[in-house]
Amino acid sequence: MQNKILGLLGLSMKAGKVKAGEFSVEKSIKAHKAKLVLVASDASENTKKKFRQSCFYYHIPIFSFGTKEELGRGIGKEMRSSLCIEDEGFAKRMIEILDGGNADVRR
C-alpha cells in the first residue's frame with residue numbers, strides 16, 4: 001500500500017498537481033483546489049488539528065500517512081508534514097488505496 005501511494009505521489013508531483021508545506025496546502029484548501037490532504041503521522045498535534053478542522057470545513061478528505069521524511073521523499077523533496085493533491089483522478093485513486101488499508105480518514 002505505502003509503495004503505491006508513494007508512486008502516485010511521485011507521478012502527481014511530475015504532473016504539477018502536488019502542493020507541499022503548511023502554507024501552500026492551506027492556500028490550496030481555501031482556494032477549493034485541494035482534492036485530498038495527507039498529513040504525516042509524526043506532524044505536530046497542532047498541525048494535525050489545524051488541517052482536520054480546515055478539511056472538515058471545506059469537505060476535503062484527509063488522511064494521516066507516513067512520516068515527514070516519507071512524504072518528502074515521495075515527492076523528491078526534504079521533509080514535509082503536509083501535502084495536498086490537486087487532481088481529482090490521483091486523489092480518487094489514493095483514497096481507494098488508503099481506505100482499503102484501514103487508514104485514518106475524516107470526511
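The values are calculated or read from the model by the stated rules, or taken from the named source; none is laboratory data. Note that the structure is predicted; figures quoted are calculated from it, not measured. Cβ: placed from backbone, ideal geometry, glycine included. Neighbour counts: every protein chain shown. Surface areas here come from the heavy atoms of the whole protein model, side chains and all, with no ligands, DNA or RNA. Shrake-Rupley method; radii C 1.70, N 1.55, O 1.52, S 1.80 Å.
Numbers for the structure displayed
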| quantity | calculated |
| --- | --- |
| Residue list for region 26-39, filter: over 15 Å from Met94 (Cβ atoms) and touching a residue at least 24 places away in the same chain (Cβ under 8 Å) | Glu26, Ser28, Ile29, Lys30, His32, Lys33 |
| Whichever residue in region 31-43 is open to solvent by 70 Å² or more (accessible area, probe 1.4 Å) and more than 14 Å from Arg80 (Cα to Cα) and, among such residues, is farthest from the chain's Cα centre (by Cα) | His32 |
| Which numbered condition Ile5 misses (of (1) open to solvent by less than 30 Å² (accessible area, probe 1.4 Å); (2) at pLDDT 95 or above; (3) closer than 18 Å to Arg93 by Cβ) | (2) |
| Selected residue [closer than 17 Å to Ala15 by Cβ, part of a helix (DSSP H, G or I), touching a helix residue (DSSP H, G or I) at 6+ places or on another chain (Cβ under 8 Å) and not acidic (Asp, Glu)] from Arg73, Arg93 | Arg93 |
| One residue from Ile85, Ile95, Ile75 being within 22 Å of Asn3 (Cα to Cα) and crowded, with 22+ Cβ neighbours inside 10 Å | Ile85 |
| Test for Phe23: is it part of a helix (DSSP H, G or I), surrounded by 22 or more Cβ atoms within 10 Å (Cβ to Cβ) and either touching a Ser or Thr at 6+ places or on another chain (Cβ under 9 Å) or modelled with pLDDT of 95 or more (or both) | no |
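Table: residues versus (1) of a type outside the set (S, T, N, Q); (2) in a helix (DSSP H, G or I); (3) more than 12 Å from the chain's Cα centre (by Cα); (4) surrounded by fewer than 18 Cβ atoms within 10 Å (Cβ to Cβ).
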position: Gly10; (1), (2), (3), (4): yes, yes, yes, yes
position: Ile29; (1), (2), (3), (4): yes, yes, no, no
position: Lys49; (1), (2), (3), (4): yes, yes, yes, yes
position: Cys55; (1), (2), (3), (4): yes, yes, no, no
position: Gly66; (1), (2), (3), (4): yes, no, no, no
position: Glu69; (1), (2), (3), (4): yes, yes, yes, yes
